[in-house]
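The values are calculated or read from the model by the stated rules, or taken from the named source; none is laboratory data. In this text, all values refer to a predicted model and were calculated from it rather than measured experimentally. FYI the Cβ positions are ideal-geometry reconstructions off the backbone, even for glycines, and counts take in every protein chain you see. The accessibility values were calculated without ligands, DNA or RNA, using every heavy atom of the protein model including side chains. Shrake-Rupley method; radii C 1.70, N 1.55, O 1.52, S 1.80 Å.
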Amino acid sequence: MKPDTAATATEGSCSYVELLQRQNALDDSGVPLVGPATYFVSHAWTYDFLIFVRALYEYWRERPQDEAHRRTYFWIDIFTVDQHAAAAGTLPEDFWETTFSEMVRDIGRTIVVMLPWSDP
């Protein structure tokens with residue numbers, strides 16, 4: 001994922017979400033892979049990524065299977081933040097604090113993933 005979002009001769013680095021937007025990426029049924037976030041996802045960075053994704057999938061799978069379900073978009077920092085800028089330290093000093101609080105407020109729904117799933 002990170003090599004795909006690195007700066008090129010014509011474009012600067014970007015987040016994975018921005019890359020998918022540039023490509024107008026769609027799922028198998030034609031629904032855009034990127035859209036306005038419907039849930040902010042809070043989690044610890046120390047979690048095993050596959051277990052984190054599985055927990056989030058289980059949450060999503062248990063929701064009603066309607067049109068809103070098809071248009072569920074999660075705001076997850078690793079995908080929405082330019083990881084190259086974050087690693088280089090070029091984001092504004094208050095970026096993490098302001099971005100998270102703004103996203104929680106603007107999205108209006110937060111999922112807190114606590115692991116292990118069976119006994120957080």
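At-a-glance table
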{"read-out": "Count - residues of the stretch 67-98 that are assigned to a helix (DSSP H, G or I), within 16 Å of PRO36 (Cβ to Cβ) and open to solvent by less than 80 Å² (accessible area, probe 1.4 Å)", "value": "4"}
{"read-out": "Boolean, LEU56 is touching a Leu at 6+ places or on another chain (Cβ under 8 Å) and either more than 30 Å from PRO116 (Cβ to Cβ) or of a type outside the set (Gly, Ala, Ser) (or both)", "value": "no"}
{"read-out": "Residues satisfying the stated conditions in the stretch 110-119, i.e. modelled with pLDDT of 90 or more and either touching an Asp or Glu at 6+ places or on another chain (Cβ under 7 Å) or exposed (fewer than 11 other Cβ atoms within 10 Å of the Cβ) (or both)", "value": "VAL112"}
{"read-out": "All positions within the stretch 69-98 that are among the polar types (S, T, N, Q) and more than 20 Å from PRO3 (Cβ to Cβ)", "value": "THR72, THR98"}
{"read-out": "The stretch 1-37, subset at pLDDT below 85 and hydrophobic (A, V, I, L, M, F, W, C), residue surrounded by the fewest Cβ atoms within 10 Å (Cβ to Cβ)", "value": "ALA9"}
{"read-out": "Filter result (open to solvent by less than 50 Å² (accessible area, probe 1.4 Å) and either within 21 Å of GLY108 (Cα to Cα) or of a type in the set (Val, Ile, Thr) (or both)) within the stretch 38-57", "value": "THR38, TYR39, PHE40, VAL41, SER42, HIS43, ALA44, ALA55, LEU56"}
{"read-out": "Count of residues meeting criterion [among the aromatic types (Phe, Trp, Tyr) and in a loop (DSSP other than H, G, I, E, B)] in the stretch 99-119", "value": "1"}
{"read-out": "Test: residue in the stretch 38-49 that is of a type in the set (A, V, I, L, M), more than 17 Å from the chain's Cα centre (by Cα) and assigned to a loop (DSSP other than H, G, I, E, B)", "value": "no"}
{"read-out": "Any hit, the stretch 18-40, residues being touching a Ser or Thr at 6+ places or on another chain (Cβ under 6 Å) and within 13 Å of VAL113 (Cβ to Cβ)", "value": "yes"}
